[in-house]
Structure formats: C-alpha cells, structure tokens
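Enquirer: I have a structure I would like to understand better, so I am pasting it below and will then ask my questions one at a time.
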Amino acid sequence: MRKAPPLERKLECTLEELCHGCKKEVKYTRDVVTKNGTIVKKEVSQMVLVKPGWKKGNKITFEGMGDERPGCLPGDAVFAVSEKKHPVFKRVGNDLVLKAEVPLVSALTGWSFSFRLLGGKKVSCSFQDEIICPGYEKVIRGEGMPIADQKGARGDLRVKLEIAFPKQLTDEQRDGLAGLLSAVPEPVMQGPTVSNFLSLVLTLSEICGAALVPWDKQTA
C-alpha cells in the first residue's frame, strides 16, 4: 500500500534556541479520513526536541502523523528548521559573525567595546596598541555555535569591524589631515596588514584631497 505525501512545515527557531537547545510544541492541521471515507481537518500538536547546534534545514519527522488519504498509509509530518534573523549576530556555518562600526578617530587612536554572547556572557574587545584598518577581523576561538553531535566542540566568533568615515570635513580639518598623511612613516608590518593599512591611508587621502608621496620618494 502506498503512502500519502508528507505534510511539510517550517520550524522557526531563534539563534538562542539553536545554540542552547530547547523543547518546542508545534501545532498543525492534518487531514484525517473518517469511518465513512470523508476527509476532515484535525488540529494536532507534537513536541520537538531541538538539539544544540542544529542548523537551518535540519528535519524532524513524525512517522504517520501527516495527512491521511483513502486507500493509503498515513503520510509523515516533516518539520524543517528555519533560523530567525538575529539583531546582533549572523550565523555562518558553525561560526557567529558580529559586525561593529568604529568611528574613524577611534580606529586611528584606540577603541574598545563590549557585547553579550547568546548565553548572556559579556565579552570586551580592546584595540589600544593597533590601528584598525578596513576589513579588520578579530577571531575569538570557541565562542561560536555548538557543533551538533560533537560534544564540547564549538565554532568561532568573528568580529568584523567597519570604519565610519566622516561624511564631510571643514577646510581646516582637511588641511590638518593632509599634513598628517603626507608625513605618515613607512609601516614596519608585513603581509596582508600592509595592504589594509595602505587602504586606510588612501581612503583618508581621498577624503581630504591629499596627494601622497611614496615612502621611498620621501626625504627626511
């Protein structure tokens, strides 16, 4: 005997629920065949145990609890996990991504901020001895989402910093920045950080209309 088609529904979960796990009661309406062969609607409920680390697309199946059809075995009820948009974090695989906007002056002179993780733990980040360049990303190991079926394993938290450049400058501010940028010393760092630093300097120079002299052409 063939089986009736599955009844499919979404199971909306918050990031907090997917992080810590939870029990959710789901109510839905299924078709039921009566003794005289007619089909009526019946509201039923099931309890779903959401496990820590589940992702969008995970499916929970209740066999035989879907729609009924005359001459068929009852279909299954299938619930697919969907993630509600979070106001602070975005999930990427097992990692959590947090974007923060840094004022330009703080990016150059030092900055710190704090936030709370999904479980309420407060985390502070400080950038006092470094320049925050465009595309800067700080990775905090083991503070992401739990990895399902891997006890104790977690993804990472990636803090991405975006620099808030001023929308306008006074002539005095432009002249001051131009003077500072023309005297920027050659960076001693190497690798990708150099390109990020150059990107920041070039962006600043475009804002204030400064013409930069290459470091190897500058005179003492």
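The values are calculated or read from the model by the stated rules, or taken from the named source; none is laboratory data. This one's a predicted model, so the numbers in the text were calculated from it and none came from an experiment. Note that each Cβ is placed from the backbone with ideal geometry, even for glycine, and that neighbours are counted across all protein chains shown.
Enquirer: Please indicate, with yes or no, whether at least one residue in the range 22-32 is aromatic (Phe, Trp, Tyr), assigned to a strand (DSSP E or B) and either surrounded by 15 or more Cβ atoms within 10 Å (Cβ to Cβ) or in the same structural domain as Gly152 (by TED's automatic domain parsing) (or both).
Expert: yes
Enquirer: Something else about it: Would you confirm, using the coordinates I've provided, whether Gln173 is in a helix (DSSP H, G or I) and either crowded, with 17+ Cβ neighbours inside 10 Å or at pLDDT 70 or above (or both)? Working first, answer last.
Expert: Numbers: in a helix (DSSP H, G or I): yes; either crowded, with 17+ Cβ neighbours inside 10 Å or at pLDDT 70 or above (or both): yes.
Yes: the conditions hold for Gln173.
Enquirer: Out of Ser82, Ser106, which single residue is hydroxyl-bearing (Ser, Thr, Tyr), at pLDDT 95 or above and farther than 14 Å from Pro5 by Cα? Can you show your working first?
Expert: Working: Ser106 fails: at pLDDT 95 or above.
From the options Ser82, Ser106, the qualifying one is Ser82.
Enquirer: So for the range 88-99 (the condition being closer than 28 Å to Glu16 by Cα, surrounded by 13 or more Cβ atoms within 10 Å (Cβ to Cβ) and in contact with a Cys (Cβ under 8 Å, 6 or more places away or on another chain)), does at least one residue qualify?
Expert: no
Enquirer: Ok, one more. Identify the residue in the range 33-74 that is exposed (fewer than 15 other Cβ atoms within 10 Å of the Cβ) and among the polar types (S, T, N, Q) and, among all such residues, is farthest from Cys19 (Cα to Cα).
Expert: Asn36
Enquirer: Just to verify a result, which residue in the range 100-141, among those that are touching a Cys at 6+ places or on another chain (Cβ under 9 Å), surrounded by 11 or more Cβ atoms within 10 Å (Cβ to Cβ) and among the small types (Gly, Ala, Ser), is farthest from Gly155 (Cα to Cα)?
Expert: The residue in question is Ala107.
Enquirer: Mind listing whichever residues of the range 73-87 are part of a strand (DSSP E or B) and in contact with a Cys (Cβ under 9 Å, 6 or more places away or on another chain)? Steps first, please.
Expert: Taking the range 73-87 first, the residues part of a strand (DSSP E or B) are 73, 77-83.
Correct list: Val81, Ser82, Glu83.
Enquirer: Applying the selection to the range 31-63, what residues are among the small types (Gly, Ala, Ser) and in contact with a strand residue (DSSP E or B) (Cβ under 7 Å, 6 or more places away or on another chain)?
Expert: Ser45, Gly53, Gly57
Enquirer: Only residues that are out of contact with any strand residue (DSSP E or B) (no Cβ under 6 Å at 6 or more places or on another chain) and at negative phi: list them for the range 146-160, please.
Expert: Step one: filter the range 146-160 for residues out of contact with any strand residue (DSSP E or B) (no Cβ under 6 Å at 6 or more places or on another chain), giving 147-153.
Matches in the range 146-160: Ile147, Ala148, Gln150, Lys151, Ala153.
Enquirer: For the range 139-149, give me each residue that is free of Cβ contacts under 8 Å to residues at least 40 places away in the same chain and part of a loop (DSSP other than H, G, I, E, B).
Expert: Applying the first criterion (free of Cβ contacts under 8 Å to residues at least 40 places away in the same chain) to the range 139-149 yields 139-142.
Arg141, Gly142, listed by residue number.
Enquirer: Against the definition (in contact (Cβ under 8 Å) with a residue 12 or more places away in the chain and more than 27 Å from Lys23 (Cβ to Cβ)), how does Ala107 come out, yes or no? Let's see the steps before the verdict.
Expert: Details: in contact (Cβ under 8 Å) with a residue 12 or more places away in the chain: yes; more than 27 Å from Lys23 (Cβ to Cβ): yes.
Yes, satisfied.
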